[in-house]
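What follows is one structure encoded as structure tokens, with my remarks underneath.
The values are calculated or read from the model by the stated rules, or taken from the named source; none is laboratory data. This structure is a prediction, so every number in the text was calculated from the model and none was measured. Ideal geometry is used to build each Cβ from the backbone, glycine not excepted, and the neighbour counts take in all protein chains shown.
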Amino acid sequence: MIALDCAALVLALLAAYQLCATLLAPRYGGLEPFAHYAWLMWVVVPTWLTALRFVGLCRPATYRSSASMFAALAKAHLIASLVLFATMYLAMRPDVSRSLLQTFIVTGFVLLALEKLAARFMIGWLAPCLRVLVVGQRPAADSCLSVLSAEPHRGIEVVGVIAADESIAGTNATGNGAGTTHEHWSRALGAFSTDEVVAVAPFGKAASFEALADACAERGLVFRMLVTMPRPAVGSYQVEDLGGGACLISLETVPNDALQLTAKRLLDVAGALVGLVLCALVYPWYALQIARESPGPVFFRQQRRGRNGRQFTLYKFRTMHLDAEWRLPELMARNQMNGHMFKLRDDPRVTPTGRFMRRAHLDELPQFWNVLRGEMSLVGTRPPTPAEVAQYRAAHLRRLSIKPGITGLWQISGNGTVSDFEKVVRLDCEYIDNWSLWRDAKILGKTVTKVVTLGGW
């Protein structure tokens with residue numbers, strides 16, 4: 001697929017140039033020879049390949065339906081196109097024809113779509129035909145057969161089923177179990193012409209197929225094991241080979257894609273540097289304002305809980321009078337949040353300029369220091385105080401399983417829109433379960449809109 005993607009992108013750039021040279025250049029002029037634009041391939045190909053991988057177009061499951069395939073392609077194409085135009089802007093290359101780039105965006109999407117569509121129809125034909133023998137008890141074997149039939153890209157033909165307790169009707173079976181010794185398994189395998197053997201084992205029973213694995217190794221057959229694990233309420237299982245026959249099966253309930261998390265961290269660092277520049281510009285003006293309205297420190301420091309309970313010091317511009325913490329108990333009765341959070345629209349502890357800072361979300365600019373230090377992220381869950389966490393139930397702690405963020409789903413929903421803590425937890429868990437770089441980008445875009453319209457309080 002990577003090779004086909006590269007070919008489609010190069011062909012799309014050539015086609016775009018040819019279209020511009022034929023249709024646009026005679027009328028508008030200014031198109032250089034193609035050699036002048038050949039360097040674009042070094043930008044286009046890596047950018048699009050990275051975007052295609054991020055949206056899952058290197059995973060066979062994405063090709064199971066045309067709708068999911070085209071949705072992923074459209075998302076990847078939009079991301080890569082934005083990166084391409086941003087690169088051209090930052091590189092200050094006015095010699096690159098805008099018409100060429102715009103035409104490439106169209107031809108690139110068309111050729112990639114045709115390539116993906118052809119791949120979807122040809123993937124079963126291109127896959128090698130593997131003859132597979134299934135070993136296991138009736139319910140587990142039936143489940144394995146349904147899983148294999150849903151994977152047409154593997155090119156699998158099930159040649160038979162050996163039941164551990166009885167024959168499975170309707171299949172090419174050998175009858176009652178095949179025994180547990182190496183000799184018995186060797187004789188059983190000899191009755192079939194197969195390339196691979198898939199053993200279906202319930203959790204904790206995998207070791208009982210050691211003799212079967214040895215018999216497969218002796219014959220040069222691929223031995224696979226489908227281990228049935230407890231069905232998780234959230235997350236997915238990942239397997240890592242530790243060597244010596246030991247495999248580490250992990251139930252991962254948080255995003256764990258190293259490449260995407262690295263990209264998220266790079267985005268955090270870049271955003272933090274920009275945010276700290278803005279913080280430095282705002283600081284002199286706000287220091288004068290807060291000194292006049294409420295003499296004291298410009299920054300507000302507070303202990304918060306981060307990823308998996310890590311404690312850190314959160315920084316904000318101080319927007320309240322110095323006695324704010326002491327006056328909190330008398331305001332608890334007016335709390336507009338139901339649950340383990342406090343938020344009050346007309347909080348009397350807020351200074352006049354601090355009220356504007358909150359509306360414009362400028363009070364959060366110092367938090368970019370927390371982002372740069374790796375304690376927070378641009379997008380995540382709201383960082384709670386230790387006192388709030390002390391009141392959490394077990395189900396609430398899952399919102400602490402990722403880095404907290406300056407913004408997130410709850411923040412962009414609008415102040416007062418979600419006033420129940422349980423709904424905040426559900427939003428946080430939804431973000432964790434469906435996290436992607438694309439979703440972070442959308443949340444950041446909505447956050448910018450909210451800041452521009454002064455939607456905070």
Taking the stated definitions as given, is Arg292 without any contact (Cβ under 8 Å) to a residue 60 or more places away in the chain and within 22 Å of Thr447 (Cα to Cα)? no
Within segment 381-404, which residues are in a loop (DSSP other than H, G, I, E, B) and among the β-branched types (Val, Ile, Thr)? Thr385, Ile402
Inspect segment 37-48 for any residue being in contact (Cβ under 8 Å) with a residue 60 or more places away in the chain, within 24 Å of Ala15 (Cα to Cα) and outside any helix (DSSP H, G or I) and give the result as yes or no. yes
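Somewhere in segment 95-108, is a residue assigned to a helix (DSSP H, G or I), in contact with a Cys (Cβ under 6 Å, 6 or more places away or on another chain), at pLDDT 70 or above and more than 23 Å from Ala71 (Cα to Cα)?
Filtering segment 95-108 for residues assigned to a helix (DSSP H, G or I) gives 98-108.
Restricting the remaining residues to those that are in contact with a Cys (Cβ under 6 Å, 6 or more places away or on another chain) gives 99-100, 103.
Right, trim to at pLDDT 70 or above and you get 99-100, 103.
Then drop every residue that is not more than 23 Å from Ala71 (Cα to Cα), which leaves 99-100.
The answer is yes, given that some residue of segment 95-108 is assigned to a helix (DSSP H, G or I), in contact with a Cys (Cβ under 6 Å, 6 or more places away or on another chain), at pLDDT 70 or above and more than 23 Å from Ala71 (Cα to Cα).
Which residue is farthest from Leu437 (Cα to Cα), if the candidates are limited to segment 258-269 and must be of a type outside the set (S, T, N, Q) and in contact with a helix residue (DSSP H, G or I) (Cβ under 9 Å, 6 or more places away or on another chain)?
Looking only at segment 258-269, we keep the residues that are of a type outside the set (S, T, N, Q), and these are 258-259, 261, 263-269.
Remaining after also requiring in contact with a helix residue (DSSP H, G or I) (Cβ under 9 Å, 6 or more places away or on another chain): 259, 263-264, 267-269.
Details: Leu259: 11, Ala263: 8, Lys264: 7, Leu267: 10, Asp268: 11, Val269: 15 Å.
Out of the qualifying residues, it is Val269.
With respect to Pro366, determine if the residue is in the same structural domain as Trp438 (by TED's automatic domain parsing) and under 22 Å from Glu388 (Cβ atoms). Full working, then the answer.
Working: in the same structural domain as Trp438 (by TED's automatic domain parsing): yes; under 22 Å from Glu388 (Cβ atoms): yes.
Judged against the criteria, Pro366 is a match.
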Are there any pairs with C-beta distances below 7 angstrom linking a residue in segment 77-92 that is free of Cβ contacts under 8 Å to residues at least 24 places away in the same chain to a residue that is in a loop (DSSP other than H, G, I, E, B), with the two at least 6 apart or on different chains, and if so which? Met88/Val96
Failed condition for Val227, given (1) part of a helix (DSSP H, G or I); (2) touching a strand residue (DSSP E or B) at 6+ places or on another chain (Cβ under 6 Å): (1)
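Quick check: is even one residue across segment 332-341 at pLDDT 90 or above, surrounded by 12 or more Cβ atoms within 10 Å (Cβ to Cβ) and in contact with a strand residue (DSSP E or B) (Cβ under 7 Å, 6 or more places away or on another chain)?
First, the residues of segment 332-341 that are at pLDDT 90 or above: none.
The answer is no, given that none of the residues of segment 332-341 is at pLDDT 90 or above, surrounded by 12 or more Cβ atoms within 10 Å (Cβ to Cβ) and in contact with a strand residue (DSSP E or B) (Cβ under 7 Å, 6 or more places away or on another chain).
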Meets criteria (surrounded by 20 or more Cβ atoms within 10 Å (Cβ to Cβ), touching a residue at least 24 places away in the same chain (Cβ under 8 Å), assigned by TED's automatic domain parsing to the domain that holds Gly306 and among the hydrophobic types (A, V, I, L, M, F, W, C)) for Val379: yes
Can you confirm whether segment 303-321 contains a residue that is in the same structural domain as Leu362 (by TED's automatic domain parsing), in contact with an Asp or Glu (Cβ under 9 Å, 6 or more places away or on another chain), among the hydroxyl-bearing types (Ser, Thr, Tyr) and not in a strand (DSSP E or B)? yes
